[in-house]
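Student: Before we start, here is the structure in question, set down as structure tokens.
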Amino acid sequence: MRKLKINSMWITLVFVSCMLCLTSCIKDEAGNKECDILNAWVEGDEYAVYFNDKNQMKVSDISSTETNITFVVRSLLSLSKQIPVCFDLTPGATIEPANGSLQDFTNGPVTYTVTSEDGEWTRQYKVAFIEPTLPTFKFSFEHVETSEQTYSGSYYHIFYEEATTGQRQDIWDSGNSGAALTLFYAQPDAFPTSSVEQGYQGKGVCLKTISAGSLGAMMKKPIAAGNLFLGKFIIENVLTDALKTTRFGVPIDREPVRVTGYYKYQPGDKFTDKDMHEVAGRTDEASIYAVFYRNKDSEGKDVYLWGNDVLDLNKLNTHPQVVKVAKMDKLPPTNEWTRFEMFFEGKDADDEELSEKKFNLALVFSSSKDGALFEGAIGSTLYVDEVEISFEK
């Protein structure tokens, strides 16, 4: 009887130990809290007919700060009302509507909700299909929204356009999301790019060069110039390669001739270099320019222009993909709304390539001409409004 009792005691100890180990494992392997979409694509080769090429059927490496996913199609009029979009999610996450389910995108974006593995966190994404042309050729900057609160407690303005169908078009971007890294608990008007109520007509855009604070100075990026451009700001490159944060251009199917609009500008008092040393005798300048370029190389691969190669403002163009450039040589300081006009110069575009939408158009505004090099004057302020692009008939 004594031997049986000892064995029972050992069995009990082994059982309790196993339960403790199991409990420890469960505790150590808590559910993942991430709820991000990593990649998105249209499933099925039969849907390739809706795209200019198959590369546009997938949106890869989606930023962790991005909540809008956009596919560019030939035409919304011919788009099927049953499109299956698939997603790569962070481990363990789920999505609703279901991954790969058929959805109708012809009436605007479809909202997807991603839930983390532990069920405690959710995130919403708007997935949209748009045509690869500018929604309008006159920009009044009336459409603006305030961002969600950033990790630094700040809020900033986001500009967008609306097509004649009412569909939102996120074709504008700025460096505001990067500036949020150094601006804590700031309101939109403290950011380099913001909306103002007193534009030339209705609302306008205010671009101003601000200090990037002690963190910016330590990283040799002491200022943040106000900018607004057609394209996309890639925040992941802010700390590694600042000139690779601005990806310029949106697809277009016609040849630009002229850009007009209205501006006001006053330079800041003291021009400084990237070490914040004053450059005696130099006055800051604003810049407005546009670049029309081929978005495919000789092998048919996508091409984008970035802050390091979009344009040398001292030359007509520098990149082999550039076809035409329009730029303002001077923007004299003025406190009154003043009309500007610039014409595109360069080569003529091929009609067949235009019809196949093989060109991008970049339009850029900045409060400091050399702001991308972190040179300029704190306080330089450029206002723009009622911008219009004219095209060949």
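The values are calculated or read from the model by the stated rules, or taken from the named source; none is laboratory data. Source: prediction; values computed, not measured. Note that each Cβ is placed from the backbone with ideal geometry, even for glycine, and that neighbours are counted across all protein chains shown.
Student: Would you mention how many residues in region 373-385 are modelled with pLDDT of 95 or more and within 22 Å of the chain's Cα centre (by Cα)?
Tutor: 4
Student: Applying the selection to region 102-112, what residues are touching a strand residue (DSSP E or B) at 6+ places or on another chain (Cβ under 7 Å), surrounded by 14 or more Cβ atoms within 10 Å (Cβ to Cβ) and polar (S, T, N, Q)?
Tutor: The one that is touching a strand residue (DSSP E or B) at 6+ places or on another chain (Cβ under 7 Å), surrounded by 14 or more Cβ atoms within 10 Å (Cβ to Cβ) and polar (S, T, N, Q): Q103.
Student: Name the single residue that is surrounded by the fewest Cβ atoms within 10 Å (Cβ to Cβ) among those in region 280-300 being touching a residue at least 40 places away in the same chain (Cβ under 8 Å) and not in a strand (DSSP E or B).
Tutor: The residue in question is G300.
Student: Moving on. Quick one: in region 78-101, of everything that is of a type in the set (V, I, T) and in contact (Cβ under 8 Å) with a residue 40 or more places away in the chain, which residue is surrounded by the most Cβ atoms within 10 Å (Cβ to Cβ)?
Tutor: V85
Student: Shifting gears a bit: Among the residues of region 304-319, is any among the charged types (D, E, K, R), modelled with pLDDT of 90 or more and on the phi < 0 side of the Ramachandran plot?
Tutor: no
Student: State the number of residues belonging to region 145-168 that are modelled with pLDDT of 90 or more, within 30 Å of Q82 (Cβ to Cβ) and either in a loop (DSSP other than H, G, I, E, B) or touching an Asp or Glu at 6+ places or on another chain (Cβ under 6 Å) (or both).
Tutor: 1
Student: Let me ask something else about it. Any residue at all in region 134-144 that's modelled with pLDDT of 95 or more, outside any strand (DSSP E or B) and crowded, with 20+ Cβ neighbours inside 10 Å?
Tutor: Yes, region 134-144 contains a residue that is modelled with pLDDT of 95 or more, outside any strand (DSSP E or B) and crowded, with 20+ Cβ neighbours inside 10 Å.
Residue-wise test of (1) of a type outside the set (K, R); (2) outside any loop (DSSP other than H, G, I, E, B); (3) in contact with a His (Cβ under 7 Å, 6 or more places away or on another chain).
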| position | (1), (2), (3) |
| --- | --- |
| N32 | yes, no, no |
| I62 | yes, no, no |
| E66 | yes, no, no |
| K81 | no, no, no |
| V85 | yes, yes, no |
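Student: Does region 124-132 contain at least one residue that is over 19 Å from the mean Cα position of the chain (by Cα) and loosely packed, with under 15 Cβ neighbours inside 10 Å?
Tutor: no
Student: Moving on to the next point. Can you give me the ranges of the strands (runs of 3 or more DSSP E) entirely in region 308-393 with at least 2 residues that are closer than 22 Å to T260 by Cβ, in contact with a Gly (Cβ under 7 Å, 6 or more places away or on another chain) and in contact (Cβ under 8 Å) with a residue 12 or more places away in the chain? Let's see the steps before the verdict.
Tutor: On the way: elements: 322-327, 334-343, 359-366, 381-391.
It comes to 322-327, 359-366, 381-391.
Student: Out of all the residues in region 183-202, is one or more modelled with pLDDT under 95 and surrounded by 22 or more Cβ atoms within 10 Å (Cβ to Cβ)?
Tutor: yes
Student: Another question about this same structure. Report yes if some residue within region 233-243 is within 21 Å of D275 (Cα to Cα), over 19 Å from the mean Cα position of the chain (by Cα) and free of Cβ contacts under 8 Å to residues at least 40 places away in the same chain; otherwise report no.
Tutor: No: zero hits.
Student: Restricting to region 9-67, count the residues that are among the aliphatic types (A, V, I, L, M) and at pLDDT below 90.
Tutor: Count: 11.
Student: Follow-up. Out of curiosity, is I210 touching a residue at least 12 places away in the same chain (Cβ under 8 Å) and under 30 Å from R294 (Cβ atoms)?
Tutor: Considered against the rule, which asks whether it is touching a residue at least 12 places away in the same chain (Cβ under 8 Å) and under 30 Å from R294 (Cβ atoms), I210 comes out as no.
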